[in-house]
Amino acid sequence: MQRMCFSNRFSTLMYRTATHLYLAPHPSLRPYVAHYTYCLPHPEHCAAGDSRQWREPNSPPPLVLIPDASGCLVFTLLPSGPRGVLYGPTTQAVTVHNDLGVGPPRFFVEFRPGGLFAFTGIPQWELSDRTWPLEDAAPELYVMACGAFSQASDLDDFAVRMDAALLARDPVPSPVLPLLGSKCLSSQQALAASSGYSSRHLSRLFREGAGMGCKAYFQVLRVNAAIRALQAGPPSLTRLAQELGYFDQSHFIHEFKSVCGVSPGRYLAHMSGFYKEPLKP
């Protein structure tokens, strides 16, 4: 790639922050891919204004990633080519090195729940809460990304070429994929009754396609809904627990802590130390 710059010349930009650019995938990929993300260094950390070279200062404290029951591909964009890592579906918070805005440029393929399975065919329980070098876990995806990178003229072109490469793979979805977007059903029993699957078979499908059983999946979804509410402004925890279907406030706090590692109160007090994907449920 000749230029590490992004101009939005294909009008794919959905949202941006000081450190992130969020891009829409091709419409045919949206059942599987939530968005692409570029995390780029701030110009002041680049040598001679070239984001292919960077100077890394003292980084801020570690960042805690909120789980969202979906996997992603992370590519560190080096002059020699991309280095890829596969992150499986997450059920618990993960603490990572925080180099947002000061580290090397990175490109993320952020899947929806069940989306990673469609492109790898790997039972997702094998990947859940784990990371793998992409060239080992899914070498065909790694070769695909390297090809897109070598042919791209800039960051806009790279994202479009990744679109084309993923479309060419002809994704094969899990039977559970249509069920993963269900927002009105909050229990395994209700979902089994609606889908026609037995509870046991439904749990097996969830583990294969999403990397976790129904109970864990609904826990992650509810905690993410709670975080969106907390980010909008500190509500009454009792009222929030009721709105999200918890038995009581104690049940809500226990489940929140089991997923995020901290209580809702501690999350609110240290919100800047956590990162939740803004465009995912």
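Remarks
- Filtering 125, 132 for residues that are part of a helix (DSSP H, G or I), surrounded by fewer than 24 Cβ atoms within 10 Å (Cβ to Cβ) and assigned by TED's automatic domain parsing to the domain that holds residue 25 leaves a single hit, 125.
- Contact annotation: residue pairs with Cβ atoms under 8 Å, 6 or more positions apart or on different chains, pairing a residue in the range 197-208 that is under 12 Å from residue 180 (Cβ atoms) with a partner that is assigned to a helix (DSSP H, G or I) and of a type in the set (Gly, Ala, Ser), are 202/192; 202/195.
- Selection of the range 143-160 for residues being more than 15 Å from residue 4 (Cα to Cα) and free of Cβ contacts under 8 Å to residues at least 60 places away in the same chain yields 143, 144, 147.
- Among the conditions (1) buried (at least 20 other Cβ atoms within 10 Å of the Cβ); (2) free of Cβ contacts under 8 Å to residues at least 12 places away in the same chain, residue 110 misses just one, which is (2).
- Note on the range 138-211: enclosed helices (runs of 4 or more DSSP H) holding 3 or more residues that are over 19 Å from residue 88 (Cβ atoms), assigned by TED's automatic domain parsing to the domain that holds residue 243 and over 21 Å from the mean Cα position of the chain (by Cα) are 188-195, 199-210.
- Of residues in the range 175-197 being closer than 19 Å to residue 31 by Cα and modelled with pLDDT of 80 or more, the one surrounded by the fewest Cβ atoms within 10 Å (Cβ to Cβ): 178
- Candidate set from the range 238-261 (those that are touching a residue at least 12 places away in the same chain (Cβ under 8 Å) and closer than 22 Å to residue 64 by Cα); member that is surrounded by the most Cβ atoms within 10 Å (Cβ to Cβ): 256
- For the range 242-281, a residue qualifies if it is outside any helix (DSSP H, G or I) and basic (Lys, Arg), and the qualifying residues are 276, 280.
- For the range 98-114, filtered to residues that are within 19 Å of residue 157 (Cα to Cα) and at pLDDT 95 or above, the residue that is nearest to the chain's Cα centre (by Cα) is 110.
- Subset of the range 32-44 (residues that are surrounded by fewer than 20 Cβ atoms within 10 Å (Cβ to Cβ) and either at pLDDT 95 or above or within 24 Å of residue 157 (Cβ to Cβ) (or both)): 42, 43
The values are calculated or read from the model by the stated rules, or taken from the named source; none is laboratory data. From a predicted model like this one, the values you see are computed outputs, not experimental measurements. Cβ sites come from the backbone with ideal geometry, for glycine too, and all protein chains shown count toward neighbours.
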